[in-house]
1. What pairs in Lys142/Lys182; Lys142/Lys222; Lys14/Lys150 have C-alpha atoms more than 23 Å from each other?
2. What spacing in nm lies between the two simple spin-label points modelled at Ala127 and Ala15, each 7 Å away from Cα in the Cβ direction?
3. Under a 10 Å cutoff between Cα atoms, tell me which one of Thr229, Thr136, Thr126 has the largest fluctuation in the Gaussian network model of the chain.
4. What percentage of the solvent-accessible surface of the range 5-254, computed with a 1.4 Å probe over protein heavy atoms, is contributed by carbon and sulfur atoms?
5. In terms of Cα to Cα distance under 15 Å, which aspartates and glutamates are near enough to Lys63, apart from those fewer than 8 places away along the same chain?
6. Which value in deg cm²/dmol, rounded to the nearest 500, describes the helix-derived mean residue ellipticity at 222 nm for the chain, given -39,500 (n - 2.57) per DSSP H run of n ≥ 4 and division by the residue count?
7. How large is the Kirkwood hydrodynamic radius of the range 5-254, counting all unique pairs of alpha carbons, in Å?
8. Calculate how large, on average over all directions, the projected area of the Cα convex hull of the range 49-141 is; give the answer in nm² to one decimal.
Amino acid sequence: MRLRRRIKRGIVLKAPWEIELLRTANRIVAEVLTELCEKMAPGMTTLDLNLLAREGIEARGGKAAFEGYRGYPAALCVSVNSEVVHGIPSADRTLEAGDLVSLDIGVIYEGYYGDAAVSAVIGEPTAEQERLLKITEESLYKGIDKARPKGRLSDISHAIQAHVERAGFSVVRQFVGHGIGKALHEPPEIPNYGPPGQGPVLKPGMVLAIEPMVNAGGPEVKVLPDGWTAVTLDGSLSAHFEHSVVVTKSGPEILSRA
Ligand code: CO
């Protein structure tokens, strides 16, 4: 039977058949992100990347989930250098060697959502860029490692924050990760900071989009007048990695792995 159980705080536990659909949605996300990273090059505009993203999603039988979501105008979020998240693709934004680019994609497949993000530098990264990318991605995996039964939600948050701050970087507070399933954003919210041992107890069947946003400078961000693009207040570089993960009996399974 296609039953879904709703537990405390509105977190939906997904049935195996639903996880299968989430797996497909997230595989499309992962494949398209990989393709974009390979093709990304100096001279391309961020709108070129958006077209590639939409074509890649549709060629695999998915639908771009961000397009039209709360009025967002594109398939892809592409956030360059001091842009944190939700950068809108534009024909006026040409990528150059040395740009730190964060790519975030959402897909709907048969009513189920996939969501993931990666960051990379075009050409040769500086030592600082490389360290920011490494720490941010590592913090994502430290968080994912806490996505296991009987753990608490904020164990994920705390693991991310500890790793980031140990390196002298800061986590963005204004945006958080989220549950994902038949909606792009479901409960619970997943902050990338906080003390461990709080929030809901994690259970098999929970599907979580964990997404640290890490600034090289201070944690403050502001949203530009376009209503979407979030940038660091101090102009420092920012990186973003995200995976959609299912909590299983034996631990976390990353659905959006390439
Ligand atoms: Co997300």
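The values are calculated or read from the model by the stated rules, or taken from the named source; none is laboratory data. Model, not experiment: these values are computed from the prediction. Note that each Cβ is placed from the backbone with ideal geometry, even for glycine, and that neighbours are counted across all protein chains shown. Note: areas computed on protein heavy atoms with side chains; ligands, DNA, RNA excluded. Shrake-Rupley method; radii C 1.70, N 1.55, O 1.52, S 1.80 Å.
1. Correct reply: Lys142/Lys182; Lys142/Lys222.
2. 5.6
3. Thr126
4. The computed percentage sits at 53.
5. Glu31, Glu55, Asp104, Glu110, Asp115
6. Result for the chain: -9500 deg cm²/dmol, rounded to the nearest 500.
7. 17.9
8. 6.8
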